[in-house]
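**Q** To start, I am sharing the structure in question, which I have written as structure tokens.
The values are calculated or read from the model by the stated rules, or taken from the named source; none is laboratory data. All figures in this text were calculated on a predicted structure; none of them were measured in a lab. Here Cβ is always computed from backbone atoms with ideal geometry, including for glycine, and neighbour counts include all displayed protein chains.
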Amino acid sequence: MILSGYRSFDPQLICCPMSGYHDARAVTNSPLSHPRYDDGSYVRTNRSVLSVIEIVDTGLVWRNPKPYLRAAHTWHPCVNHLGDGRLVATFDIGQAVESLDYRTSFAHSDDEGRTWSDPQRMLAEPVCERATSHSVRVGLMDNGELFGMGGLMYRDDPEAGIINHESLGMGEMDVIRTRSADGGRTWGVAQIVKMPLVGPAFEVCHAPMALRDGRWLWPAATWRDWNGDAAGGMRAIAVVSEDQGATWGDHLEVMDDYANGVFHWEQSMIELADGRLLAICWRYHEPSGRSVPNHFAISADGRTFDEPRACGFNGETAKLTRLNDGRILCLYRHAERSGLWANVSEIDGDDWINQDEAPVWQGATSAMRGVDTGGDELSALKFGFPSSTLLSNGEVFAVFWCTEDCVNNIRWVRLRTT
């Protein structure tokens, strides 16, 4: 079955100049003036530039066609543009967000994302002798392969989830890798990756990426074990391969504020036109149970990152795309407003300069509020994890998961920025 045309809203043109931003630090001026924090630092904005973010079209990659018959929800998509109008999307499907049948599937489009094939399971079963579930993120690499890195979660106790909702720890898991040499039609057997650092567990938040110097990176984060022990903290890192994914023998430190109760989740990293690396993180403040405004960090040498600084917005699961004109598109679940939002910015030297912000999808309000346990609130989120690629005409093709009519589906949007 080919899915197309399912809509919750019509395409629209949104023109929205940036308003003031807030940070966990006290703002010493009006929200409509140039944002300045009580430590004297500024978040730069350029209000002389009126950007336009246009939603060209929207539809579905996949939605459970018979929700009245069986439970099947979906999360965590990645999308890659293979050329000649061909796209491949990967996403997780399960009865529930931590169900025993949680697995990664893939689907293809031959018309730049307007219609999609039925999903197929990525990895052959059984992956190993123990009961497992898995989640894999996929990137298009410099050798033409699609390469996936993910988590293999061991599910020996059928009554236990992936996350301990009280300790916010993760169950036993291994990092795995797989690859496809035929555009994602077939996938290799999953192989366990020996990680170069102690997690004890690892967040699966990012597709592998190839740098122009030949290294491959997999941005991730260290995570607590089931009992809440965090030998490696809850910090953003990136593991490094010098042999196109065969081994991962080194890592980069990206962001860390665990000593102050701040976790760095679901980072996004891109390589800028000048070869520098730019990373952004969702920052979760455990004592309050709430998300706090994003930070970004830049690496000039591709190995060490500067001290993180404020971006000027509060967005969970923020993901970056470098546009053809060098500006940055960031998609995120807004922590203070409803829906998925887009931010257009530029990197001027070491400064992040915001130009525009606009909603892309406003079907729900969902964020970490500090009302329930962190594990409960994570499992109750209603949308997120955007992933984007550039089409041949320069438009952005983005996918994200969202709950619509009580079913989690993968929605796509085509965006044009001017």
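**Q** Identify all residues within segment 331-341 that are in contact (Cβ under 8 Å) with a residue 60 or more places away in the chain and in contact with a Ser or Thr (Cβ under 8 Å, 6 or more places away or on another chain); write none if there are none.
**A** 331
**Q** Residue check, residue 245 against (1) part of a strand (DSSP E or B); (2) touching a Phe, Trp or Tyr at 6+ places or on another chain (Cβ under 7 Å), all met but one. Which one?
**A** (1)
**Q** Another question, then. Report, by residue number, each residue of segment 224-238 that is surrounded by fewer than 21 Cβ atoms within 10 Å (Cβ to Cβ) and part of a strand (DSSP E or B).
**A** Across segment 224-238, the qualifying residue is only 225.
**Q** Still on this structure: Can you report the number of residues in segment 151-168 which are under 24 Å from residue 191 (Cα atoms) and in contact (Cβ under 8 Å) with a residue 60 or more places away in the chain?
**A** Qualifying residue count, segment 151-168: 3.
**Q** Shifting gears a bit: Taking segment 135-150, which residues are of a type outside the set (A, V, I, L, M, F, W, C) and either farther than 19 Å from residue 199 by Cα or free of Cβ contacts under 8 Å to residues at least 60 places away in the same chain (or both)? Full working, then the answer.
**A** Applying the first criterion (of a type outside the set (A, V, I, L, M, F, W, C)) to segment 135-150 yields 135, 137, 139, 142-145, 148, 150.
139, 142, 143, 144, 145, 148, 150, listed by residue number.
**Q** Out of (1) closer than 24 Å to residue 161 by Cβ; (2) surrounded by fewer than 20 Cβ atoms within 10 Å (Cβ to Cβ); (3) charged (D, E, K, R), the odd one out for residue 336 is which?
**A** For residue 336, the exception is condition (1).
**Q** Does segment 239-250 contain at least one residue that is closer than 30 Å to residue 359 by Cβ, among the aliphatic types (A, V, I, L, M) and crowded, with 18+ Cβ neighbours inside 10 Å?
**A** Just the residues of segment 239-250 that are closer than 30 Å to residue 359 by Cβ, to begin with: none.
For segment 239-250, residues closer than 30 Å to residue 359 by Cβ, among the aliphatic types (A, V, I, L, M) and crowded, with 18+ Cβ neighbours inside 10 Å: absent.
**Q** Looking at segment 97-111, which of its residues are without any contact (Cβ under 8 Å) to a residue 60 or more places away in the chain, farther than 15 Å from residue 189 by Cα and surrounded by 14 or more Cβ atoms within 10 Å (Cβ to Cβ)? If you could, list the steps in order and put the result at the bottom.
**A** Quick first cut of segment 97-111, residues without any contact (Cβ under 8 Å) to a residue 60 or more places away in the chain only: 99-101, 103-105, 107, 109-111.
Adding the requirement that they be farther than 15 Å from residue 189 by Cα leaves 99-101, 107, 109-111.
Those that are without any contact (Cβ under 8 Å) to a residue 60 or more places away in the chain, farther than 15 Å from residue 189 by Cα and surrounded by 14 or more Cβ atoms within 10 Å (Cβ to Cβ): 99, 100, 107, 109, 110.
**Q** Also, I was wondering about something else. Consider residue 219 against the criteria (1) over 22 Å from residue 147 (Cβ atoms); (2) touching a residue at least 60 places away in the same chain (Cβ under 8 Å); (3) under 21 Å from the mean Cα position of the chain (by Cα): it satisfies all of them except one. Which criterion is unmet?
**A** (1)
**Q** Hey, residue 114 hits all of (1) closer than 25 Å to residue 389 by Cα; (2) loosely packed, with under 14 Cβ neighbours inside 10 Å; (3) of a type in the set (Lys, Arg) but one; which does it fall short on?
**A** (2)
**Q** If you go through segment 109-144, how many residues are in a loop (DSSP other than H, G, I, E, B) and under 25 Å from residue 409 (Cβ atoms)?
**A** 12
**Q** Just checking, which of 314, 354 is more than 30 Å from residue 98 (Cβ to Cβ) and polar (S, T, N, Q)?
**A** Values: 314 fails: more than 30 Å from residue 98 (Cβ to Cβ).
That would be 354, the only listed residue that is more than 30 Å from residue 98 (Cβ to Cβ) and polar (S, T, N, Q).
**Q** From the set of residues in segment 325-347 that are part of a strand (DSSP E or B), of a type outside the set (S, T, N, Q) and more than 22 Å from residue 410 (Cβ to Cβ), which is nearest to the chain's Cα centre (by Cα)?
**A** 328
**Q** Run residue 307 past the list (1) surrounded by fewer than 17 Cβ atoms within 10 Å (Cβ to Cβ); (2) touching an Asp or Glu at 6+ places or on another chain (Cβ under 6 Å) and report the number of the one that doesn't hold.
**A** (2)
Rundown of residues vs (1) more than 23 Å from residue 94 (Cα to Cα); (2) modelled with pLDDT of 95 or more; (3) not polar (S, T, N, Q), yes/no style:
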| site | (1), (2), (3) |
| --- | --- |
| 309 | yes, yes, yes |
| 323 | yes, yes, yes |
| 336 | yes, no, yes |
| 353 | yes, yes, yes |
| 370 | yes, no, yes |
| 383 | no, yes, yes |
| 399 | no, yes, yes |
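**Q** Given (1) within 27 Å of residue 301 (Cβ to Cβ); (2) in contact (Cβ under 8 Å) with a residue 60 or more places away in the chain; (3) buried (at least 19 other Cβ atoms within 10 Å of the Cβ), identify the lone condition not met by residue 211.
**A** (3)
**Q** What pairs can you find where one residue is in segment 375-391 and surrounded by fewer than 23 Cβ atoms within 10 Å (Cβ to Cβ), the other is among the aromatic types (Phe, Trp, Tyr) and at pLDDT 95 or above, and their Cβ atoms are less than 6 Å apart, with a gap of 6+ or different chains?
**A** That search, which allows pairs on different chains as well, returns 389/397; 391/397.
**Q** Six or more apart or on different chains, Cβ under 6 Å: which pairs go from a residue in segment 288-313 that's closer than 21 Å to residue 211 by Cα and in contact (Cβ under 8 Å) with a residue 60 or more places away in the chain to one that's surrounded by 18 or more Cβ atoms within 10 Å (Cβ to Cβ) and of a type in the set (A, V, I, L, M, F, W, C)? Could you list them?
**A** Pairs that qualify, where the first residue is closer than 21 Å to residue 211 by Cα and in contact (Cβ under 8 Å) with a residue 60 or more places away in the chain and the partner is surrounded by 18 or more Cβ atoms within 10 Å (Cβ to Cβ) and of a type in the set (A, V, I, L, M, F, W, C), are 302/277.
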